[in-house]
1. What are the ³J(HN,Hα) couplings of segment 72-89, residue after residue, when phi is run through the Karplus curve with 6.51, -1.76, 1.60 and θ = phi - 60°? Round to Hz, x for glycine and proline.
2. Of all the C-alpha pairs in segment 228-286, what % are more than 20 Å from each other?
3. Could you calculate, for segment 258-334, the ratio of the Cα radius of gyration to the Kirkwood radius, expressed as Rg to Rh?
4. About its Cα centre, how strong a charge dipole does segment 57-128 have in debye, to the nearest 20, once Lys and Arg get +1 and Asp and Glu get -1 at the Cβ?
5. Of 132, 40, 281, which is farthest on the positive side of the dipole of the chain, counting Cα position, with +1 on Lys and Arg Cβ, -1 on Asp and Glu Cβ, and the Cα centre as origin?
6. Sorted by average packing, counted as other Cβ atoms within 10 angstrom per residue and highest first, what order do 190-203, 68-81 take?
7. Over segment 151-199, average the accessible area per residue using a 1.4 Å probe and give it in Å², no decimals.
8. Hey, any idea what the orientation-averaged projected area of the convex hull of segment 95-254's Cα atoms comes to, in nm²?
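The values are calculated or read from the model by the stated rules, or taken from the named source; none is laboratory data. Remember, predicted model here, so these are calculated numbers, not experimental data. All Cβ positions, glycine included, derive from the backbone under ideal geometry; neighbour counts span all protein chains shown. Just the protein is used for accessible areas: all its heavy atoms, side chains included, with ligands, DNA and RNA removed. Shrake-Rupley method; radii C 1.70, N 1.55, O 1.52, S 1.80 Å.
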Amino acid sequence: MKKISIRISLLFLAFSILTFSCIDENFFGKSSLKQIRYFTVSGQLGNSQIIEDSLLIRLSVGSKVDITQLAADSIGLSSYAKVTPAQGEAQDFSSPVTYQVQAEDGSLASYQVIVTKQSENQQLENSEFEDWYTPSGKNYEEPGKDANSIWASGNAGVVTLGDANVEKFEIAPDDFAARLITRDLGPLAQLVGQRMAAGSMFTGKFVLDISNPLNSTQFGIAFTGKPKSFTINYSYSPGEVYRNGKGQVLEKEDQADIYLLLENRSGSEIKRIGTAWLRSGESIAELKDVTVPVIYGPIPPDSPSFWFPANGQFGSANEEVTHLTLVFASSAEGANFEGGVNSTLIINSVKLNY
């Protein structure tokens, strides 16, 4: 009986192979999909906003970019679709440019691409943290209007073992801020030495790497400004019990970590152009403004060790800035899975001063 079943299965497999090998490649019809999934240009600041309902793409570039001779350096399309103008063809974006996408079946979609040239005194998108969205398929919110936000957090990693620790927080009616909390993820996380999870929010992207969580953060956005300082409106409450990733209680006091790095990434090595750092364990019950100056070029040799770039590379104060990284963390040693239980950092707004 068993041999008969095997023979029947083999006959069915052979029949299936013969049947599907004879089907014409257009048996199911040609694809009608004609979307632009992503679109970027050289010198872009932040992420492109693609509005499918109106076939509109909005993006910004630096103040020194010549938008009259600007080409798309990456265009992502639906399978089998083609686009005109093609990637790499320079266009005059001083007015909207039409990109026509043709699906495999010949149907067309016309996208309007609008490029805005930023002023030299540029500010960061959603710098008052009023806008929040829920990522597709998730049960937590992230700062920004949608997935094109310049802001990211470590929520995607934290929720695998506990609750999100960066969240929308209402400080007054219809006035929102970001609340970052250091969470004790408990015994299960302790087994892999990651019991403590600091709340972290930063400019860039978070792509979860379970095998190496520290590789999940992709810091930095394209940016060309040179602010003299930044002002942060925040409060902080350090947790009273300080633990490491193995759950051990340490005789340490927690500190919030807030820093801004300006870099030149145009060469083979990243060079640090500007440094501004605030690391403090001061308990601040009410929101207050603190201004942190930016040091351009090499920092003083007696600066705290954590101020120095990992690769040791500084650029001169006169070099161009191509990227900005701004980081907020409720525990300064969060990268080492340490921190005060329930340390809470509230970020109401950030402003770049020129």
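1. Along segment 72-89, the couplings run 6, 9, 7, 9, x, 10, 4, 4, 6, 7, 10, 10, 9, x, 7, 4, x, 8 Hz.
2. On the way: 859 of 1711 pairs.
Looking at segment 228-286, the distances longer than 20 Å represent 50 percent of pairs.
3. Numbers: Rg = 13.7 Å, Rh = 13.6 Å.
That ratio equals 1.00.
4. Working: 4 positive and 9 negative charges, 15 e Å.
In debye, rounded to 20, segment 57-128 gives about 80.
5. The listed residue farthest towards the positive side: 40.
6. Values: 190-203: 22.4, 68-81: 15.7.
The packing order, highest mean first, is 190-203, 68-81.
7. Details: 2040 Å² over 49 residues.
On a per-residue basis, 42 Å².
8. On the way: hull surface 58.5 nm².
Approximately 14.6 nm², given one-decimal rounding.
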